[in-house]
Amino acid sequence: MNFNLTEAIEVLERTPQTLQLFLSGLSDGWLACSEGEGTWNAREVIDHLIEGEKSNWIPRLEFILAEGEQAPFPSFNRFAHLKPTSPRSIEQSLLEFIEIRTLNIARLEELVKDESILEKTGSHPAFGVVKVRELIATWAVHDMTHIAQVVRVMANRYVGDVGPWHEYLGILNRK
């Protein structure tokens, strides 16, 4: 097992700033491109990450600590961010993500004061018994999944433009 809370927090702290540096100031061509119907563009990924900060990670952690395995914690709607919202800039969305993530990391550190908390268990609505350590590890890997998704989707925008180099650009050969 490789999980280390301090290392997981290192990733969680860096994700919003990484995305802010990568996406701020880009033209809408980059921010709105997707891989087709039913896929997400960079804006939608950021909205999904914000929704997760509000409704997933810390609420589930708090539920596990309060309820244990007595009841499954509420399901997370992975598509809730796709509802119509008021238009805002990517910069505004990224600032919201940074603010809520900062608060959530502080709350995480407040709730998980010692290693024993990591072994506490709760009930996932689909998977059954899960540990706090698994929830936090998933949170960090979830971030990396969506960073990779944003980069892949944006790279795919030029899939028809790279000519014969396509063969050497691994990111264009992954889905």
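The values are calculated or read from the model by the stated rules, or taken from the named source; none is laboratory data. The structure presented is a predicted model; accordingly, all values stated were derived computationally and were not measured. Cβ: placed from backbone, ideal geometry, glycine included. Neighbour counts: every protein chain shown.
Summary of values
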| quantity | calculated |
| --- | --- |
| Residue under evaluation E99, criteria (1) modelled with pLDDT under 95; (2) surrounded by 12 or more Cβ atoms within 10 Å (Cβ to Cβ); (3) out of contact with any helix residue (DSSP H, G or I) (no Cβ under 8 Å at 6 or more places or on another chain), criterion not met | (1) |
| Tally, over region 106-115, of residues that are crowded, with 16+ Cβ neighbours inside 10 Å and either part of a helix (DSSP H, G or I) or free of Cβ contacts under 8 Å to residues at least 60 places away in the same chain (or both) | 1 |
| Residue list for region 25-55, filter: farther than 19 Å from A148 by Cβ and part of a loop (DSSP other than H, G, I, E, B) | G25, S27, E37 |
| Exclusive hit being acidic (D, E), modelled with pLDDT of 90 or more, out of contact with any strand residue (DSSP E or B) (no Cβ under 7 Å at 6 or more places or on another chain) and within 22 Å of P125 (Cα to Cα), set E51, E67, E44, E91 | E51 |
| Residues satisfying the stated conditions in region 134-175, i.e. among the small types (G, A, S) and outside any helix (DSSP H, G or I) | G160 |
| Qualifying positions in region 1-12 - surrounded by 13 or more Cβ atoms within 10 Å (Cβ to Cβ) and part of a helix (DSSP H, G or I) | L5, A8, I9, V11, L12 |
| Flag if G29 is surrounded by fewer than 13 Cβ atoms within 10 Å (Cβ to Cβ), under 20 Å from L172 (Cβ atoms) and modelled with pLDDT of 95 or more | yes |
| Of all residues in region 116-133 being in a helix (DSSP H, G or I) and without any contact (Cβ under 8 Å) to a residue 40 or more places away in the chain, the one that is farthest from H48 (Cα to Cα) | S116 |
| Hits in region 19-48 (condition: over 19 Å from the mean Cα position of the chain (by Cα) and among the hydroxyl-bearing types (S, T, Y)) | S27 |
| Residue satisfying all of: in region 135-175; closer than 18 Å to L49 by Cα and of a type outside the set (A, V, I, L, M, F, W, C); surrounded by the most Cβ atoms within 10 Å (Cβ to Cβ) among these | D143 |
